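**Q** So that we are looking at the same thing, I have put the structure below in structure tokens.
The values are calculated or read from the model by the stated rules, or taken from the named source; none is laboratory data. Computed from a prediction, not measured in an experiment: that's the story for all the values here. Every residue, glycine as well, gets a Cβ built from its backbone with ideal geometry; the counts of neighbours run over all protein chains shown.
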Amino acid sequence: MLSIIQVFIPTTRHICSSANCQSEEYVRKFILENTEIAGQQILDLGSGCGASAIAAKLSGAAHVVANDIDTVAAVATHMNCELNGLPPPVCLTNNMIGSQPEGFDLILLGDMFYDEALATSLHSWLDRCIKTHGTKVLIGDPGRAQFEEHGIRRLLHQLAEFELPKSVREENYGLTCSSVWCYRPEL
């Protein structure tokens, strides 16, 4: 059983958004239940508390990088690895979006489309990662308007949908479920 401490520290909006953590939680759940990633190189982008990175480690990934621009996220990831008796993944706090794509087999994202400019940057960078290395991409998103209306949306295939807990639905005005998507630009 995977134990995760959800760390909510008001330093940036992506680390303290409970809908974000729920999206990350559902990506983690999907990885543990469905995705064969043993032996793969994994990037958990916008890693937050590290739940997806930890799930990748537990699923036998050869190498895992947790990346979040908030240094508190790296601390949370280390705490959660310790809680689960795992060595921590490599934790990077530089902004990897827009950088030269590395050879990851799989990139995991949880609720990174909360801002239109960020969504556009992500779309462009993920497309380059896929075209350069054949990288697969899994995205967790609670259905934010910026995501639903963005051009990337038509290039996604829904893999799973999960109802958000009542407290998260009440807190996030209109968000009712979170989905896990596979980004497939060839669609």
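**Q** How about segment 43-82: which of its residues are assigned to a helix (DSSP H, G or I) and in contact with a strand residue (DSSP E or B) (Cβ under 6 Å, 6 or more places away or on another chain)?
**A** The answer is 52, 53, 56, 57, 74, 77.
**Q** Follow-up question, since we're still on this one. Which ones in segment 130-145 are assigned to a helix (DSSP H, G or I) and within 18 Å of residue 97 (Cα to Cα)?
**A** Correct list: 130, 131, 132, 133.
**Q** Same structure, new question: Checking residue 152 against (1) buried (at least 16 other Cβ atoms within 10 Å of the Cβ); (2) under 24 Å from residue 33 (Cβ atoms), which single condition isn't satisfied?
**A** (2)
**Q** Also, I was wondering about something else. Could you check segment 155-187 and list, in sequence order, the residues that are loosely packed, with under 15 Cβ neighbours inside 10 Å and of a type in the set (S, T, N, Q)?
**A** Passing the criteria: 158, 167, 176.
**Q** Inspect segment 53-60 for any residue being of a type outside the set (Asp, Glu), more than 27 Å from residue 143 (Cβ to Cβ) and touching a helix residue (DSSP H, G or I) at 6+ places or on another chain (Cβ under 9 Å) and give the result as yes or no.
**A** Looking for residues that are of a type outside the set (Asp, Glu), more than 27 Å from residue 143 (Cβ to Cβ) and touching a helix residue (DSSP H, G or I) at 6+ places or on another chain (Cβ under 9 Å), one finds at least one in segment 53-60, hence yes.
**Q** Another question, if that's okay. Just give me the residues in segment 24-65 being of a type outside the set (A, V, I, L, M) and under 25 Å from residue 98 (Cα atoms), in sequence order.
**A** 24, 28, 40, 41, 44, 46, 47, 48, 49, 50, 52, 63
**Q** Please verify whether segment 83-105 includes one or more residues that are assigned to a helix (DSSP H, G or I) and in contact with a Ser or Thr (Cβ under 6 Å, 6 or more places away or on another chain).
**A** yes
**Q** Spot the failing condition for residue 175; the list is (1) within 15 Å of residue 43 (Cα to Cα); (2) touching a Lys or Arg at 6+ places or on another chain (Cβ under 9 Å); (3) among the aliphatic types (A, V, I, L, M); (4) not in a strand (DSSP E or B), and only one is missed.
**A** Here residue 175 meets the rest and fails (1).
**Q** Can you run down the residue pairs with Cβ atoms below 9 Å, 6 or more apart or on separate chains, where the first is in segment 149-169 and under 12 Å from residue 184 (Cα atoms) and the partner is in a loop (DSSP other than H, G, I, E, B) and among the basic types (Lys, Arg)?
**A** Pairs that qualify, where the first residue is under 12 Å from residue 184 (Cα atoms) and the partner is in a loop (DSSP other than H, G, I, E, B) and among the basic types (Lys, Arg), are 155/184; 156/184; 157/184.
This table checks each residue for (1) within 20 Å of residue 63 (Cα to Cα); (2) at pLDDT 85 or above; (3) more than 16 Å from the chain's Cα centre (by Cα).
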site: 95; (1), (2), (3): yes, yes, no
site: 99; (1), (2), (3): yes, yes, yes
site: 106; (1), (2), (3): yes, yes, no
site: 115; (1), (2), (3): no, no, no
site: 121; (1), (2), (3): no, yes, no
site: 158; (1), (2), (3): no, yes, no
site: 164; (1), (2), (3): no, no, yes
site: 176; (1), (2), (3): no, no, yes
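**Q** Is it the case that residue 36 is farther than 19 Å from residue 162 by Cβ, in contact (Cβ under 8 Å) with a residue 40 or more places away in the chain, of a type in the set (Asp, Glu) and assigned to a loop (DSSP other than H, G, I, E, B)?
**A** Against the criterion (farther than 19 Å from residue 162 by Cβ, in contact (Cβ under 8 Å) with a residue 40 or more places away in the chain, of a type in the set (Asp, Glu) and assigned to a loop (DSSP other than H, G, I, E, B)), residue 36 does not qualify.
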